[in-house]
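Here is the structure we will look at.
The values are calculated or read from the model by the stated rules, or taken from the named source; none is laboratory data. Since the structure is predicted, the reported quantities are computational estimates derived from the model, not experimental observations. Glycine gets a Cβ as well: all are built from the backbone with ideal geometry, and neighbour counts include every protein chain shown. Surface accessibility is based on the protein's heavy atoms, side chains included, excluding ligands, DNA and RNA. Shrake-Rupley method; radii C 1.70, N 1.55, O 1.52, S 1.80 Å.
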Amino acid sequence: MAFAPVNPLAAPWQARGLDWLLMPEDLPPELSLCVMPDAVPAAPVRRPQPAAPRAPRPVRPLPSQLQQEGQGSAPAAPAQAVRQGGAPVASPAPAAPAPEQRRPSRPQPAEQAPETAAPVRSWRPLPPHVWPAVWQERLSRTRQGRVVWTYWNLGPDLCEAQAPGKAQRSAFFRRLMQDLAYPAGTSTFWPACLPDPDAMPASPAPAEREDRPRYQPNADVFWSGVQALHARAVVVMGSVAARALGLPAGVRPLQQLRHRGTLVWVLWDVEFLLDEPQRYAAMLAFVRRALQQISRR
């Protein structure tokens, strides 16, 4: 065993500071890492060079410092970043802020085009002094009541002593008022039509005799009379009277609606109830339930 200098094959070990090895003397030269007599001198060992010091990162000034610089002196040049082993490179300029996208504002109501709205016609009752004379005279002879009853032949029943079917209709209403058993003054009768000498000859009800007066409805005066009589509800009997008074098309018996600010109940015509007595019980029950609405007020 003897110490011997290492040959160039052991250059990695030389780089780590190994210069001598303790080797057996009888070790074959091809396995030995020591310097052989005819070997070339060992190449100088390259030791790693220390890395170049990195440039310190630029320190961003505080907002208070920026404010002081803006007041007292011109702003400093932007700091430059230094690449490792290379020339200094200017830092990229900050990107410009993207423009703010604004949503299109909706036009204010004043900016919008005005829409042509259909005018709403509000009905108002007519004062009695502008009514035809025949209606003024009938109003003076009609008592006030909480419920107004009307049907097409009510005009002839009030104006003609011998109107066809008047006796049967009068008996029907006497029975109905007794069955309802409401106090006197609850119901009153206001006609849907009255004689008018200037009216057109066409009449919803056919005339049996040529000398009978012709009857003309007047819806505006009728509903004005309902207000003048201080009625809370109107009972319209029959489709002829319903059409004459301007009720909506398609109304049916035993139906309730509100027309011109007044509660309206629609029943069958008196002649129909006289011909169909089996409908009387259903009509009476409907009227009793309906009258409860105004009796509670």
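Quick one: count up the residues across the range 191-249 that are over 17 Å from Pro128 (Cβ atoms), part of a loop (DSSP other than H, G, I, E, B) and at pLDDT 80 or above.
Matching residues across the range 191-249 total 10.
The set of residues in the range 250-297 being assigned to a helix (DSSP H, G or I) and more than 21 Å from Phe172 (Cβ to Cβ) consists of Gln292, Gln293, Ile294, Ser295. Among the residues of the range 156-168, those that are part of a helix (DSSP H, G or I), in contact with a helix residue (DSSP H, G or I) (Cβ under 9 Å, 6 or more places away or on another chain) and either buried (at least 19 other Cβ atoms within 10 Å of the Cβ) or of a type in the set (Gly, Ala, Ser) (or both) comprise Pro156, Asp157. Regarding the range 140-151, can at least one residue be identified that is within 19 Å of Leu229 (Cα to Cα), of a type in the set (Phe, Trp, Tyr) and part of a loop (DSSP other than H, G, I, E, B)? For the range 140-151, residues within 19 Å of Leu229 (Cα to Cα), of a type in the set (Phe, Trp, Tyr) and part of a loop (DSSP other than H, G, I, E, B): absent.
What residue, among those in the range 209-254 that are among the polar types (S, T, N, Q) and open to solvent by 60 Å² or more (accessible area, probe 1.4 Å), is nearest to Leu291 (Cα to Cα)?
Taking the candidates together, the pick is Gln227.
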